[in-house]
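The values are calculated or read from the model by the stated rules, or taken from the named source; none is laboratory data. It should be emphasised that the depicted structure is a prediction, and the values quoted were computed from it without experimental measurement. No Cβ is skipped: glycine too gets one built from the backbone with ideal geometry, and neighbour counts run over all protein chains shown. Ligands, DNA and RNA are excluded from the accessible area calculation, which covers all protein heavy atoms including side chains. Shrake-Rupley method; radii C 1.70, N 1.55, O 1.52, S 1.80 Å.
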Amino acid sequence: MKIRSINPTTNGTIGEIDASTPKEIHKKVQDAHVAQEKWLSLGVKGRVKILENVLEKLENRLEEIGEISTKSMGMPSSLRGVLDLEAGIEYFRWYLENAEKYLDSEISYEDETTVNTVYYEPIGVAAVISPWNFPFCTFVWQVVPNLIVGNPVVFKGASECVLVVKLIEDIIATSKLPKGVFSEIYGGGDVGEILIHEDIDLICFTGSTMVGKHISSIASDKLIKALLELGGSAPAIVFEDADIKKVTETVFFNRFANSGQICDGLKRLIVHKDIAKKIEQALVEMIQSKKVGNPEDETVEIGPLVSKKQADALEVQVNDAIAKKARVLIGGDKLKNLSEAFFEPTILANVTKDMKIWSEETFGPVLPIMTFETEDEALALANDTEYGLGGYILTENRERAQRVAAKLKTGMISVNGTLYLHPSSPFGGYKRSGIGREHGKYGFHELCQIKVVATEK
Ligand code: NAP
């Protein structure tokens with residue numbers, strides 16, 4: 001069977017790849033097991049040295065990776081550097097520079113007669129499954145720390161980005177990475193499912209909550225660990241003293257960049273009623289100043305969604321809101337004259353909790369707004385979701401920001417648009433947004449067996 005890659009901007013086929021067969025998948029998992037011993041024997045230092053060579057090879061061909069990503073999933077070329085490529089390189093470098101520090105053994109207890117030493121050991125062969133929304137960054141986030149700690153990886157990228165991950169595989173094949181330590185398989189969810197039924201020791205899955213739940217049930221049956229980075233519906237609470245410029249910049253970037261297809265992106269705006277009108281107007285003006293269109297045009301900031309299917313799903317959510325009397329401030333429909341994967345940047349007011357646009361994760365350029373009068377009311381609205389990935393607070397009152405941050409049930413919180421994304425900071429969610437954390441010492445340790453050895457003094 002062939003996996004076809006479709007350009008969402010033109011609806012044309014960019015290329016195709018043979019889907020992996022069950023036999024090929026089995027062989028790659030077996031090869032990963034065989035490769036592990038030698039890979040482990042290199043120690044963290046030796047593995048980092050080889051991965052420095054992988055980084056160099058990828059860095060030399062970053063533009064090629066970016067170009068094929070834009071064609072495959074529509075991320076504007078004006079943004080892919082900062083959103084995906086440079087970010088991926090920054091994380092890769094940080095992991096390499098900090099691995100030894102966080103994977104070194106440490107003493108957890110000591111008295112006159114005994115020393116307890118903690119060792120971070122690999123778990124084994126990891127099945128890594130990723131989505132399409134940040135093709136390079138997600139690959140780096142999920143694969144590199146596994147390789148550093150000593151877990152060989154069999155990787156399945158999303159079908160939409162099959163040509164991106166194939167290019168990454170080809171580039172890595174020119175590096176000094178030993179055979180079997182990293183390999184890729186190709187195909188849809190069925191192929192991913194074959195992989196997780198194989199003899200693997202760990203699953204690292206990034207994707208939707210629905211698929212994550214299914215994968216978690218298979219992992220629990222096998223009694224192996226599943227690290228799950230899932231969906232989100234991040235609230236932003238805007239208090240009456242917020243700086244309007246900070247609000248519009250934060251909301252625009254975190255809701256409309258990558259056409260709204262960001263897991264921890266800002267998906268529900270909760271504004272104090274006294275400044276709601278001003279914020280609405282500023283956001284509408286901001287959107288009017290942006291160019292929507294072909295993502296290969298450097299002046300375009302908003303491209304298509306990843307596929308017609310994704311735009312159709314968004315249309316259902318928006319139409320449900322409009323039928324329930326939401327007020328369209330701008331947008332509200334698919335874009336005319338462009339492919340069916342384009343949706344107008346949209347803002348909806350008069351939103352109520354029974355609308356899909358509020359209660360479900362929205363993966364597109366659509367912002368629903370609700371208003372509040374008291375802090376408790378704002379928090380209740382913000383926490384009224386099954387998700388708990390990102391959260392945003394906008395206020396000039398630092399005490400209030402701290403108080404609200406402590407009550408927001410999300411794994412990551414940005415105050416006034418400051419970035420929580422840094423390779424040293426944990427990334428992950430509360431509730432149905434996932435289990436476990438990526439990055440920093442937290443991310444390394446998630447991928448390890450943690451052993452304690454007690455010895456006499
Ligand atoms: P998805 O449909 O869950 O797919 C994710 C990956 O899982 C793809 O590679 C997919 O393959 C594969 N897959 C699907 N069914 C499977 C199965 N039964 N067994 C094994 N693998 C299976 O998610 P998506 O639409 O690609 O991505 C969007 C979602 O990801 C959103 O909910 C977003 O919030 C979430 N996300 C979360 C994070 C995070 O860090 N928390 C980051 C990015 C995205 P195919 O696509 O080839 O079918």
So between Q402 and R61, what do we pick up on full extension, going 0.36 nm a residue minus the alpha carbon distance?
118.5 nm
For E193 and D312, what does the FRET efficiency come to when R0 = 22 Å and r is the distance between their Cβ atoms, rounded to the nearest 0.05?
0.35
State the antiparallel share, in %, of DSSP beta bridges confined to the stretch 246-401, rounding to the nearest 5.
35
Per the Kirkwood definition applied to all pairs of different Cα atoms, how many angstroms is the hydrodynamic radius of the stretch 395-457?
14.2
Enter the accessible area of K2 (Å², nearest 10), with the probe set to 1.4 Å and all protein chains included.
110
Which value results when the Cα radius of gyration for the stretch 121-208 is divided by 2.2 N^0.38 Å?
0.99
If you average 1/r over every pair of different alpha-carbon atoms in the chain and take one over that average, what Kirkwood value in Å do you get?
23.0
Which value, in Å², gives the accessible area per residue of the stretch 184-306 when a 1.4 Å probe is used on the protein heavy atoms?
36
Kindly state, to the nearest 0.05, the FRET efficiency for T114 paired with L419, given R0 = 60 Å and r defined as their beta-carbon distance.
0.85
Calculated SAXS-style log₁₀ I(q)/I(0) at q = 0.16, 0.17, 0.23 Å⁻¹ - the stretch 31-139, Debye, Cα scatterers
-0.89, -0.96, -1.26
Simple SL model, points at 7 angstrom along Cα→Cβ for S105 and I322; separation in nm is 6.6
The stretch 330-374, convex hull of Cα, quarter of hull surface, nm² -> 3.8
Just the accessible area for E100, please: 1.4 Å probe, Å², rounded to the nearest 10?
90
The stretch 176-220 and the stretch 395-457 have their Cα centres apart by a whole-number Å value of 24
Give the long-range amide H neighbours of I6: residues separated by 5 or more places, or on another chain, with amide H under 5 Å away, using H modelled in the peptide plane at 1.01 Å from N.
I14
Name the lysines eligible as straight-distance cross-link partners of K353: C-alpha to C-alpha under 26 Å, and not fewer than 8 places from it in the same chain.
K213, K267, K273, K277, K278, K309, K324, K325, K334, K407, K409, K431
Taking the Cα centre of the chain as the origin, how large is its charge dipole in debye, to the nearest 20, when only Lys and Arg (+1) and Asp and Glu (-1) carry charge on their Cβ atoms?
560
Let me test this: with uniform point scatterers at the alpha carbons of the stretch 252-381, what is the Debye-based log₁₀ I(q)/I(0) at q = 0.18 1/Å?
-0.96
For K213, put the label point 7 Å out on the Cα→Cβ axis and report which residues of the stretch 427-445 keep their amide N under 15 Å from it.
431-435
Value of [θ]222 nm, deg cm²/dmol, for the chain, DSSP H segments ≥ 4, -39500 (n - 2.57) each, nearest 500
-13000 deg cm²/dmol
As a percent rounded to 5, the proportion of antiparallel DSSP bridges among beta bridges in the chain is 40
Please work out how much length the chain gains when fully extended from E37 to E373, using 0.36 nm per residue of separation minus the C-alpha to C-alpha distance, in nm with one decimal.
114.9 nm
Order of 52-61, 362-371, 214-223, 85-94 by packing, highest average Cβ count within 10 Å first?
362-371, 85-94, 52-61, 214-223
Here, K176 and L223, labelled 7 Å along Cα→Cβ, have an inter-label distance in nm of 4.1
Pull out the extension gain between E121 and N350, defined as 0.36 nm times the separation in residues minus the alpha carbon to alpha carbon distance; nm, one decimal.
77.1 nm
Estimated FRET transfer efficiency when R0 is 41 angstrom, pair Y442-N337 (beta carbons, to 0.05):
0.30
